[in-house]
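Below: one structure, written as structure tokens.
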Amino acid sequence: MNYFIFKTEPSGYSIDDLKRDKKTSWGGIRNYQARNILRDDVKVGDLVIIYHSSCEVPAAVGVANVLKTGYGDPSQFDKKSHYFDAGSKQNDPRWFAVAIAFTEKFKNPISLPAMRLESSLSNMRLLARGNRLSVFPISKRHFETIRTLGA
DNA sequence: GCCAACGTTGGC
DNA sequence: GCCAACGTTGGC
């Protein structure tokens, strides 16, 4: 079992949207490092911290679980989509998505500054200077710390 | 809106 | 393959 953080801008898709939808296809990722993680590392049953970025209070806001491993992100083939990629082939997709389901919404979302105050989270990638990846693994210890603080 | 950090692109 | 220019992310 592996653990990840997925970032999202709540103005686009929030934990409340996921709670309402119960499950969703997590795509629109156009960064090769993140793509590789979605394609190769995210497995069914893995757990994901959902993080709200670029918003009033950037924070870890809940948990999701993985329903389906990496598949070609449909939006890359949709000419009308912002994520359309003319260079990607149906039989050899360039970009990947995974399906996730809502697990829980935190009663106590943990803001970015609050996470920085937590010494046990100090070496987490989310807090690293200049980190811009929107999908990345975290340790079981970090996952459980965040889940416990948020519950 | 500013700016630091990082990724991508393209000329050479 | 180097590197400058440009684009994007995301906190503040």
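Using only the alpha-carbon atoms, how far is helix A:140-150 inclined from the longest principal axis of chain A? Give it as 0 to 90 degrees, nearest 10.
70
May I ask which residue of A:Val66, A:Trp95, A:Ser25 lies farthest towards the positive end of the charge dipole of chain A, with charges of +1 (Lys, Arg) and -1 (Asp, Glu) on Cβ and the Cα centre as origin?
A:Trp95
Mind checking region A:44-93 for trypsin sites (Lys or Arg not before Pro) that DSSP puts in a loop (not H, G, I, E or B) and that have at most 16 other Cβ atoms within 10 Å?
Answer by residue number: A:Lys79, A:Lys80.
Fewest to most neighbouring Cβ within 10 Å: what's the order for A:Phe84, A:Phe4?
So the ranking, lowest neighbour count to highest, is A:Phe84, A:Phe4.
Mind checking which aspartates and glutamates have their Cα closer than 13 Å to the Cα of A:Lys89? Skip sequence neighbours fewer than 8 apart in that chain.
Reachable aspartates and glutamates: A:Asp73, A:Asp78.
Arrange the following residues from fewest to most other Cβ atoms within 10 Å of their Cβ: A:Val66, A:Val98, A:Val48. Write out the running numbers ahead of the final one.
On the way: A:Val66 21, A:Val98 29, A:Val48 24.
If I rank by nearby Cβ atoms, fewest first, I get A:Val66, A:Val48, A:Val98.
Using the number of other C-beta atoms within 10 angstrom as an exposure proxy, rank A:Met124, A:Met1 with the fewest first.
Working: A:Met124 21, A:Met1 9.
Fewest to most other Cβ atoms nearby, the residues stand as A:Met1, A:Met124.
Stokes-Einstein diffusion coefficient for chain A at 10 °C in a medium of 1.306 mPa s, Rh from the Kirkwood formula over Cα pairs: what value in µm²/s?
Roughly 101 µm²/s, to the nearest whole number.
If each DSSP helix of 4+ residues adds -39,500 (n - 2.57) and the sum is divided by the residues in chain A, what number results at 222 nm, nearest 500 deg cm²/dmol?
Mean residue ellipticity at 222 nm (helix-derived): -6000 deg cm²/dmol.
Normalising by the residue count of chain A, find the relative contact order in percent from Cα pairs under 8 Å and 6+ residues apart.
Relative contact order, chain A: 32 percent.
Report, in listed order, any pair from A:Lys22/A:Lys43; A:Lys22/A:Lys80; A:Lys80/A:Lys140; A:Lys107/A:Lys140; A:Lys79/A:Lys140; A:Lys80/A:Lys105 with a Cα-Cα distance greater than 30 Å.
Working: A:Lys22/A:Lys43 18 Å; A:Lys22/A:Lys80 26 Å; A:Lys80/A:Lys140 39 Å; A:Lys107/A:Lys140 21 Å; A:Lys79/A:Lys140 39 Å; A:Lys80/A:Lys105 32 Å.
The pairs that break the limit, which is 30 Å between Cα atoms, are A:Lys80/A:Lys140; A:Lys79/A:Lys140; A:Lys80/A:Lys105.
Determine the dipole magnitude for region A:3-150: charges of +1 sit on the beta-carbon of Lys and Arg, -1 on that of Asp and Glu, nothing else is charged, the reference point is the Cα centre, and the result goes in debye to the nearest 20.
120
Laboratory data are not the source of any read-out in this text; all were calculated from the coordinates shown. Quantities reported herein were computed from a predicted structural model and do not represent experimental measurements. In this analysis, Cβ positions are derived from the backbone assuming ideal geometry, glycine residues included, and neighbour counts consider all displayed protein chains.
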